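Structure first, commentary second.
The values are calculated or read from the model by the stated rules, or taken from the named source; none is laboratory data. A quick note: this is a predicted structure, and the numbers were derived from the prediction, not measured. So basically every Cβ, Gly included, is an ideal-geometry build from the backbone, and we count neighbours across all protein chains shown.
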């Protein structure tokens, strides 16, 4: 019988979750699922699992490779924090589960998330400020890209309210089972955050000192290739599923390789000072709440 996950990185998106999960994956005593973001406990978001296809048996198969030598077994689904149900369902699955939450200045998070949604083809408005102003219409079901999978992900003003989301986590998870990491700290001293996380998970330090950058801002080199790899034709998906069933594997990796070849790291355009001030005003109360929850003065984010 496979191991069950006992730790979960809940997000938020664009807060260093991919980097941290990859560093943990490379520790010989830690097992991280592949894919790292199954989003099984997001009952309100059909993201990884198609409607009606969510099953515990499929989810647990993601941990078939975990063994007794692994001191921590987990996953990192970045939309768990935004989800209304995930924290509650994780506690129902394992009341002793350890939970990691990663947070970031929302004034930085919004443009970074917009860039990621654009890269994934969920967002088709290229300008972040214009996309911000579409939120009200999109909440009414208007002006939504045909390619968006979860419309709520384009509600940037709610997706980046991490104080409210963390408070919901504490409504369901005992405080001593929650570890909150701040992206500023990960950026300033990655090794210290990594060792602190290992300590929280009860895993010994492996002496790692090299922490290459992971999941930098990226764009597609060729739009046609992006459309094919991010939204492959249904016939191709059906064939791939059949091959995976026969081969008894979760992923073939072919599209992943094509995606990587079409990927280019690019600097994200700066937002205007006026829009930055608008974002600060929007998130000021939530940032204050987040700071109170984690016992840290975060006022510099919105001053």
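When each of 143, 118 is tested for being outside any helix (DSSP H, G or I) and either at pLDDT below 95 or assigned by TED's automatic domain parsing to the domain that holds residue 97 (or both), the lone residue that passes is 143.
Beta carbons closer than 6 Å, at least 6 apart along the sequence or on distinct chains, pair a first residue in the stretch 64-84 that is closer than 16 Å to residue 172 by Cα and assigned by TED's automatic domain parsing to the domain that holds residue 197 with a second that is modelled with pLDDT under 95 and buried (at least 24 other Cβ atoms within 10 Å of the Cβ) for 80/11; 81/11.
Among the residues here, residue 152 qualifies as part of a helix (DSSP H, G or I), over 28 Å from residue 299 (Cβ atoms) and within 15 Å of the chain's Cα centre (by Cα).
Residue 287 passes every criterion in (1) touching a helix residue (DSSP H, G or I) at 6+ places or on another chain (Cβ under 6 Å); (2) outside the structural domain of residue 113 (by TED's automatic domain parsing); (3) not in a loop (DSSP other than H, G, I, E, B) apart from (2).
Considering every residue within the stretch 156-174, establish whether at least one is in a strand (DSSP E or B) and surrounded by 15 or more Cβ atoms within 10 Å (Cβ to Cβ). No, the stretch 156-174 has no match at all. Residues in the stretch 128-140 that are surrounded by 14 or more Cβ atoms within 10 Å (Cβ to Cβ) and outside any helix (DSSP H, G or I): 134 only. Applying the criterion of at least 3 residues that are more than 12 Å from the chain's Cα centre (by Cα) to the strands (runs of 3 or more DSSP E) found wholly in the stretch 1-76 leaves 30-32, 72-76.
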